[in-house]
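Contents: one structure, followed by commentary.
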Amino acid sequence: MTIPIPLLDRSSAVGDEGRPRAASLAVASFVVALLVVAGGFAIGQPDLLLSLGSVTGLAGAGLALLDRERFVHLLAGHCLFVWFGAPLSLLVVFAPLAGRVGIAVDGFALALFGLAMTWGNAGTRTHLSDGLSASTLTFAAAILWLVGFAAVAVGLAIAELSVEALVGQSSAAGGLASLFVVAAYAGAGIAVAIRWLPIRQLTPRSRRPAVERRVAAVRRYALGTIAVAVLSLLAISLIRASGGFERLEGTVPAAGFSALSSPFVVWPAVTVGTVGILAGAVALTLRRLARDSDPASAERLAAVIAGFVLAVATVVAAALVAVSPLVGVMTLLAVLAAPLALVVCVAILVLAIDIGVLPDRASGAAVAAFGLVISAVGFARISVPLTFACVAVALLVWDLSSFGFGVTAELGRIPETRRLELVHAVVGVGVTVAVVVALTAVDTFRTSVFAGVGGTVPAVVACLGALALLGTLRG
């Protein structure tokens, strides 16, 4: 039995110009993971790989799913990419403000995300353009949801004032009128909900005939309640105009008429009607968005659903302001800025590919290598061996990726090239370890013999070591 989950790769993705083969990428990922673990212990965060890897991996998986045709896959792609890519982008933008530790973490996040892009074959301009479209649509949908929430809040405030006017009517005409008004409103809410909610579609096929009969009966009762309530209101108006309620008010205590419009009668009916109308309106909106079968319609619907969660998170953050103003304001700013940061970061990646800074087919590997170089800058005054290791592993990742591309382009996907890739990867890892150990030994000798020399020497040694490593790896 197969498991119906979105697949992150296809056999056709590994062709003449496909992604780096699995062996080369697996070795590169393993080395980067070890480096992130070592860096996490150096800065006092031993769980750095777990925290960064989960976010970057899910964001990369979402980016890889954005080119699928089925709606379930598109929805999963939008949700994963936006929900996890937004905080990742916020980290990338604001982590350098925390100092060298923030710069190091920032680089590791970029490196892991680049590897995730490469694993999902999502490092092309087409995928990044899909990511830019998805993040923009989701951000716009979240703004529209917030506008809708504000409109609903205003409507509920007006409705509350109207309901308060209906509650506690002491006259016979007022009590009966309040009762029939809320009854008509509740019937209208039930009728709208039954009309637009996908009750039949969510019912198993074997039970659909019985459910359809019950739904039809409830619809008749709701419409009948509305008709009776409207006719009763007309009758009350005529009786009141003719003075027929004066004798009734003289014989029945006022408390009896007040009970007809008590809060225990009015508020439950109003709640049923409001929930029914809102549920029907949401269901109708989603149906309108999903009416067309074209991919653009499915993408819009997925963005609307993903944006709903962002809008809810914004509302929750705004509610925290009343509990703790500082925490609430910081959370609200983070929730609002994260999707915008995602749009900006993806747009920068697309622009970098357009102007030739990043290679189109290998942007994931390039982002990973660039991230490790940034981490090297962050570790410059924290740990010299980690600085050398970041530079060396950056070159190793790029070499393994380019070698995997070359093998795939020359031999295609039919020949078995795993042994060839592993031999090259083992040699590359061995050279990388040797160069890092040699550079560390040279720096240790420098600090012990030339202790009074300034900080320029380590930078020069690091650059010479990087050049030596690059020449060794590239032959």
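The values are calculated or read from the model by the stated rules, or taken from the named source; none is laboratory data. The model shown is predicted, which means the values in this text are computed figures rather than measured ones. Heads up, the Cβs are rebuilt from the backbone with ideal geometry, glycines too, and the neighbour counts pull from every protein chain shown. Keep in mind that these areas ignore ligands, DNA and RNA; they rest on the heavy atoms of the full protein, side chains included. Shrake-Rupley method; radii C 1.70, N 1.55, O 1.52, S 1.80 Å.
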- prompt: Assuming residue 54 fulfils every condition listed in (1) assigned to a helix (DSSP H, G or I); (2) modelled with pLDDT under 80 apart from one, which condition is it?
  reply: (2)
message: Would you confirm whether or not segment 37-44 contains a residue that is of a type in the set (Gly, Ala, Ser), outside any helix (DSSP H, G or I) and closer than 27 Å to residue 378 by Cα?
response: yes
message: Considering only residues that are surrounded by fewer than 21 Cβ atoms within 10 Å (Cβ to Cβ) and in a loop (DSSP other than H, G, I, E, B), which ones fall in segment 122-136?
response: 124
field: Filter result (without any contact (Cβ under 8 Å) to a residue 40 or more places away in the chain and polar (S, T, N, Q)) within segment 48-105
entry: 51, 54
- line: Here the residues within segment 10-42 that are among the β-branched types (Val, Ile, Thr) and either touching a strand residue (DSSP E or B) at 6+ places or on another chain (Cβ under 9 Å) or at pLDDT 90 or above (or both) are 31, 32, 36, 37
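Answer with yes or no whether residue 336 is part of a helix (DSSP H, G or I), under 30 Å from residue 144 (Cβ atoms) and among the aliphatic types (A, V, I, L, M).
Spelling it out, residue 336 is indeed part of a helix (DSSP H, G or I), under 30 Å from residue 144 (Cβ atoms) and among the aliphatic types (A, V, I, L, M).
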statement: Cβ pairs under 7 Å, 6+ apart or interchain, first in segment 327-341 and over 14 Å from residue 310 (Cα atoms) and free of Cβ contacts under 8 Å to residues at least 24 places away in the same chain, second open to solvent by less than 40 Å² (accessible area, probe 1.4 Å) and of a type outside the set (Lys, Arg), ordered by first then second residue, are 328/317
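Can you name every residue in segment 196-207 that is in a helix (DSSP H, G or I) and either in contact with a Ser or Thr (Cβ under 6 Å, 6 or more places away or on another chain) or surrounded by fewer than 15 Cβ atoms within 10 Å (Cβ to Cβ) (or both)? Spell out how you get there, then give the answer.
Of segment 196-207, the ones in a helix (DSSP H, G or I) are 196, 205-207.
Selection gives 205, 206, 207.
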query: So which pairs qualify, if the first residue must be in segment 186-214 and among the polar types (S, T, N, Q), the second must be open to solvent by less than 70 Å² (accessible area, probe 1.4 Å), the Cβ gap must be under 8 Å, and the two must be at least 6 apart or on different chains?
result: 203/211
- prompt: Does residue 74 satisfy being open to solvent by less than 30 Å² (accessible area, probe 1.4 Å), at pLDDT below 90, aliphatic (A, V, I, L, M) and assigned to a helix (DSSP H, G or I)?
  reply: yes
- request: Test residue 375 against the stated conditions and say whether it is in contact with a Phe, Trp or Tyr (Cβ under 8 Å, 6 or more places away or on another chain) and either among the hydroxyl-bearing types (Ser, Thr, Tyr) or open to solvent by 40 Å² or more (accessible area, probe 1.4 Å) (or both).
  value: yes
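Listed here are the residues, each with its yes/no results for (1) at pLDDT below 85; (2) more than 19 Å from residue 269 (Cβ to Cβ).
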| site | (1), (2) |
| --- | --- |
| 171 | yes, yes |
| 176 | yes, no |
| 186 | no, no |
| 198 | yes, yes |
| 206 | yes, yes |
| 214 | no, yes |
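Conditions tested, residue by residue: (1) open to solvent by less than 40 Å² (accessible area, probe 1.4 Å); (2) over 22 Å from residue 88 (Cβ atoms); (3) at pLDDT below 75.
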{"position": "314", "(1), (2), (3)": "yes, no, no"}
{"position": "322", "(1), (2), (3)": "no, yes, yes"}
{"position": "328", "(1), (2), (3)": "yes, yes, yes"}
{"position": "335", "(1), (2), (3)": "yes, no, no"}
{"position": "339", "(1), (2), (3)": "yes, no, no"}
{"position": "342", "(1), (2), (3)": "yes, no, no"}
{"position": "345", "(1), (2), (3)": "yes, no, no"}
{"position": "348", "(1), (2), (3)": "no, no, no"}
{"position": "352", "(1), (2), (3)": "yes, no, no"}
